[in-house]
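What follows draws every value from the coordinates through simple rules; no lab data is involved. Predicted model only: the values in this text are computed from it and were never measured. Neighbour counts are summed over all protein chains in view; Cβ atoms, including those assigned to glycine, are modelled from backbone coordinates with ideal geometry.
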Amino acid sequence: MPDAQAQQAAKLAAAKAALRFIEPGMVVGLGSGSTATLFIQLLGEKVQQGLDIKGIASSEDSEVLGRKLGIPITDFDHHSTIDVAVDGADEVAPGLALIKGGGGKLLREKIVASACKRFIIVADDSKLVKQLGAFPLPVEVIPMAVPLVTEKLSDLGFTPKIRQDKSGNGPYITDEGNILLDCSSSGIADPEVTAAEIRSIIGVVEHGLFLNMAERVLLAGADGSVRELT
Ligand code: 5RP
């Protein structure tokens, strides 16, 4: 099987495995990205078969998809707590430290993760790393502060690059109207320290380090087997 197909099979296996955490009456956080999308599609099928849940979306894309599939979409005005959120990740390191934001949705994803009782990550096993940082860390920044934040992130040892829109129309703009800096590095040795350093930079809205948030990671191989990391 070609690699892309194998990876797709693994993503689907992880998404399927997450369904067992969903019970009738729950408010479910809908993640973003290709693996979370597979989960939303499976959840949509269950809703069409009569499962009574509501969804809170972590991106405009996930909200549109959820509505299209018939998942009733709610918000924090109506529900301040999410029972379970299911989302993907770009890297998973020991201690369930994550990098997220490859799809550009890290701010709303982190808001959803912060409001849920159980944060479940679904991923193929290529996402497992010994140390975070081979994947450039996305940092969401207020547009006017980009030059200042770029300088400060460089001082921390990162090489920040403004994310470009896939259509080639200039910078990628987040759902919240901000810019993303993708920050390459030689590795993030101490994610807690790095998270605090980045957070202290004025103009940074949020960063893609998700620490002490995931309850478990459902990590699937191409053969469909799913390992649970807790
Ligand atoms: C989006 C994300 C995604 O969850 C992350 O990029 C993983 O995506 P995929 O499942 O497509 O590999 O954080 O901002």
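Using only alpha carbon pairs under 8 Å that are at least six residues apart, calculate the relative contact order of the chain and give it in whole percent.
24 percent
Tell me, what HN-Hα J-couplings in whole Hz come from the Karplus equation 6.51 cos²θ - 1.76 cosθ + 1.60 at θ = phi - 60° for each residue of region 120-136, using x for Gly and Pro?
Coupling constants for region 120-136: 10, 9, 10, 7, 7, 6, 5, 7, 6, 10, 7, 9, 5, x, 5, 7, x Hz.
Given a cut-off of 26 Å, name the pairs among K110/K166; K105/K166; K117/K166; K54/K127; K46/K166 whose C-alpha atoms lie farther apart than that in the structure shown.
Result: K117/K166; K54/K127; K46/K166 exceed 26 Å.
Tally Lys/Arg at +1 and Asp/Glu at -1 over every other residue whose Cβ is under 12 Å from the Cβ of D223; what's the total?
-1
Could you give me the ³J(HN,Hα) list for region 95-103, computed from phi with Karplus coefficients 6.51, -1.76, 1.60 and θ = phi - 60°, whole Hz, x at Gly and Pro?
Whole-Hz 3J(HN,Hα) from phi for region 95-103: x, 6, 6, 10, 10, 10, x, x, x.
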